[in-house]
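The values are calculated or read from the model by the stated rules, or taken from the named source; none is laboratory data. Quick caveat: nothing in here was measured; it's all calculated off a predicted structure. Cβ sites come from the backbone with ideal geometry, for glycine too, and all protein chains shown count toward neighbours.
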Amino acid sequence: MTSGSLDSADAPASPTKARLTVLSGPSGVGKGTVVAEVRKLFPHVWVSVSCTTRKPRPGESDGVQYHFVNDAQFDELIAAGELLEYATFAGNRYGTPRKPVQQHLAAGRPTVLEIELQGARQIRDSMPDAQFVLLTPPSMAELRDRLMGRRTEGVPDLEARMARAEIELAAAEEFDRVIVNDDVQRAAAELVGLIEVVSG
Ligand code: ADP
Ligand code: 5GP
């Protein structure tokens, strides 16, 4: 795993407590797209880089979209207590490195975790001050179209992700806010409004 060190130059100190925002939502709903739009508008928002055992997609590089690790390395991270949460999703394992999240929050930087439902539930238990946002598609047909349009998964993986989508959307009441991703700019503006609110 590449180091997720804190770059103090771009993490200004803040007198208020930065807020942790957990963004969940079905695979293909547009979490990555909306968060990228948020970062374009507000580069000081920090988005956690997860570890995963999934193979990189074309265009993905280690330490940018994910820290790509193997199963043994993932086990070691768990054993060393280095993951804030972790889960298995559609046959691969995903987890949030603990230290960078703690460091960025301590530096006063609004922080976002883009993770699935099981991980969000673990964060709710361990970090109850976080806010929980669910991004939803305008319809299941649109979700399928987006997943197919992305062309990153084969049919079995795509169907596994659609099955998980039903479960994730059924948990909407566990979240503090629901944002419908009907339009990237509109959804990003709504998300920014939540991320920027400080806690404490
Ligand atoms: P996730 O990170 O939730 O898995 P992505 O951000 O990869 O989803 O988006 C899945 C696909 O849907 C991408 O091809 C993206 O361009 C497209 N997409 C995202 N948001 C919208 C939107 N509001 N309208 C239409 N297409 C969208
Ligand atoms: P993908 O393979 O499409 O990149 O991600 C699949 C799912 O895993 C998405 O719902 C994504 O939000 C979730 N995910 C990514 N990183 C993490 C993580 O660190 N922890 C958990 N629990 N889920 C994650």
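Descriptive notes on the structure:
- Ser48 fulfils the conditions (1) at pLDDT below 95; (2) touching a Pro at 6+ places or on another chain (Cβ under 7 Å); (3) within 14 Å of ligand 2 (Cβ to nearest atom) except for a single criterion, (1).
- Screening Glu159, Glu168, Glu190, Glu142 for residues that are in a helix (DSSP H, G or I) and within 16 Å of the chain's Cα centre (by Cα) leaves exactly one candidate, Glu168.
- Filter result for Ala187 (more than 16 Å from Ile115 (Cβ to Cβ), in contact (Cβ under 8 Å) with a residue 40 or more places away in the chain and surrounded by 12 or more Cβ atoms within 10 Å (Cβ to Cβ)): yes
- Qualifying residue in the stretch 17-25 (condition: farther than 24 Å from Val155 by Cβ, modelled with pLDDT under 95 and either surrounded by fewer than 20 Cβ atoms within 10 Å (Cβ to Cβ) or of a type in the set (Lys, Arg) (or both)): yes
- Some residue of the stretch 139-154 being in contact with a strand residue (DSSP E or B) (Cβ under 8 Å, 6 or more places away or on another chain), of a type in the set (Asp, Glu) and away from ligand 2 (no atom under 14 Å from the Cβ): no
- Test: residue in the stretch 122-130 that is part of a strand (DSSP E or B), under 24 Å from Ala165 (Cβ atoms) and within 13 Å of ligand 2 (Cβ to nearest atom): no
- Cβ-Cβ under 7 Å pairs, at least 6 apart or on other chains, the stretch 120-132 side touching a residue at least 12 places away in the same chain (Cβ under 8 Å) and of a type in the set (Phe, Trp, Tyr), far side part of a helix (DSSP H, G or I) and buried (at least 18 other Cβ atoms within 10 Å of the Cβ): Phe132/Ala120
- When the stretch 67-88 is filtered for residues that are surrounded by 19 or more Cβ atoms within 10 Å (Cβ to Cβ), within 21 Å of Arg121 (Cβ to Cβ) and either within 16 Å of ligand 1 (Cβ to nearest atom) or not hydrophobic (A, V, I, L, M, F, W, C) (or both), the ones remaining, listed by number, are Glu85, Tyr86.
- Looking at Arg93, Arg57, Arg39, Arg109, just one residue is in a strand (DSSP E or B) and either surrounded by 14 or more Cβ atoms within 10 Å (Cβ to Cβ) or within 11 Å of ligand 2 (Cβ to nearest atom) (or both), and that residue is Arg93.
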